[in-house]
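Beneath this line is the structure, given in structure tokens, with notes to follow.
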Amino acid sequence: MVELIAPEGTVVNCRFPASCGFAPGVGGQLTAVAQDCIARMLAAGGKWDFVNAVWAPFGGGGAGYWIGGHNQYGGVVGAAVYDLFGAGGGATPYRDGNNSGGAFHNAKSCISDVEWIEMYYPFLYLARKHGTDSGGYGKFRGGMTVECVQMVYGTSDMSVDYMPTPKGGEVAGQGLFGGYPRGNVAGGSMILLAPSTLEKMAEGVYPVSYTQLASWGMDAHKSSEFSMERHLGGIRVNVPEYSILGYYYPSGCGYGDPLDRDPQWVVRDLKNEAIFYETAAKVYGVVIDPETLEIDLQKTEQRRQEIRNERLSKGERIGPSEGLGKIEPRDRKHVLMRIHECLEVVEKNSGEKVISCIKCGQELGPVGDNYKRYTLRWTKDVRDMKPVPEGETSINYYQEYICPGCGTLLQVDTWCPMLDDDEPLWDIDVKV
């Protein structure tokens, strides 16, 4: 037996052959970083047909729950349900990401039939569907992920490993060129105690989405009635029959500024329950009649400009601004290369090579420097788009990098002040 000290200072006893790490999760994150890098290289090389925003199906790592104990037939079971293979795909420069696209590093990933899972494991599915508002926001939306609601059924001897949804929400992957890493939801899980759920189900109702579970009962990590064993990386919970397990996985990441999305596509998303009504106006700036779903184009243009103006007023300078303005057409010798959905490298008549905004001509620093240093940065709680549960605070933030000339969203980075410094990440380094 090896005794370890967890980050919080608690003692953790590890007995062979129990694992003490999340190698699949680490590998998934590293793969996502590599994919994001390759996508930007392909864009700078003009290979736009091959550019794809990150898929991030693993999040914290591995399957939703690793179950142990006995199944409904009395047989010993130790397995996992890999519904993560229903995670969303990343968006591209020309289309939305595939809903339930699979795991990008496993070309043969395939989600199992609900009937098959219910036959072999002590579960009954109350719901398995695409999570509304799960795809990363953008000009093109990331693919929606799968969300599941299961009831433990047919066994009195079962335990699961458990990683409660992190405070502030888990963020996996990286949006591309102004797209967001996720929508309103990211990877997470919840366990509800049996008695409270049975009382409600006796009334003829049951939860059909992860977002409904919060109003149904006490989550396991907040309840003293669950039998738990804490270990490095999570919690092992003994779950009685009729308990409810809910979980969803990280989705595909978005591509481009959400304000550039075709309003008709936003209406289509509403009809398909891909987004909530509030998201249409708050994120995409599209004003829609809730009854007829007709777009008010004039108010939509006004709303989108209001959002751009808010970005310009709340974004802060993090680098030099002297001498930087909009490059006049008469000062442009020629465009050397396009490196971003909205950025290009321009050679001036003076011979100077700079990065500028395609939309408005705003200069964003010399070639060889980090263009983000010449933008406006707006640091936002990742749950600005989603209410924070009472008593919880966020540890994750978005760093939104904004063109100071036109208010276009150029990049959204995930930032955790507990781990990261405040220096803007390099995502494009140009050598011409």
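The values are calculated or read from the model by the stated rules, or taken from the named source; none is laboratory data. What you are looking at is a predicted structure, and each value in this text was computed from that prediction instead of being measured. Positions of Cβ are generated from backbone atoms using ideal geometry, with glycine treated the same way; all protein chains shown enter the neighbour counts.
Taking the criterion of being in a loop (DSSP other than H, G, I, E, B) and in contact with a Phe, Trp or Tyr (Cβ under 8 Å, 6 or more places away or on another chain), the residues of region 73-97 that qualify are Val81, Ala87, Gly88, Gly89, Gly90, Ala91, Thr92, Pro93, Tyr94, Arg95, Asp96, Gly97.
Confirm whether Asn106 is within 20 Å of the chain's Cα centre (by Cα) and without any contact (Cβ under 8 Å) to a residue 24 or more places away in the chain.
Values: within 20 Å of the chain's Cα centre (by Cα): yes; without any contact (Cβ under 8 Å) to a residue 24 or more places away in the chain: yes.
Answer is yes for this residue.
The strands (runs of 3 or more DSSP E) located wholly in region 322-425 that include 2 or more residues which are crowded, with 19+ Cβ neighbours inside 10 Å occupy 343-348, 353-357, 363-366, 376-381, 397-402, 409-415.
Scanning region 260-277 for residues that are part of a helix (DSSP H, G or I) and under 18 Å from the mean Cα position of the chain (by Cα) gives a single hit, Asp269. Every condition in (1) touching a Leu at 6+ places or on another chain (Cβ under 8 Å); (2) surrounded by fewer than 16 Cβ atoms within 10 Å (Cβ to Cβ); (3) modelled with pLDDT under 80 holds for Lys271 except the one numbered (3). Restricted to region 202-257, the set of strands (runs of 3 or more DSSP E) holding at least 2 residues that are modelled with pLDDT of 70 or more comprises 234-238, 244-248. For region 31-53, state whether one or more residues are at pLDDT below 90, touching a Cys at 6+ places or on another chain (Cβ under 7 Å) and in a loop (DSSP other than H, G, I, E, B). So far as region 31-53 goes, no, none of its residues is at pLDDT below 90, touching a Cys at 6+ places or on another chain (Cβ under 7 Å) and in a loop (DSSP other than H, G, I, E, B). Considered as a group, the residues in region 95-127 that are under 18 Å from Ala274 (Cα atoms) and not acidic (Asp, Glu) include one that is surrounded by the fewest Cβ atoms within 10 Å (Cβ to Cβ), and that residue is Arg95.
For residues that are part of a loop (DSSP other than H, G, I, E, B) and among the small types (Gly, Ala, Ser), scanning just region 54-72, find the one that is modelled with the highest pLDDT.
That would be Ala56.
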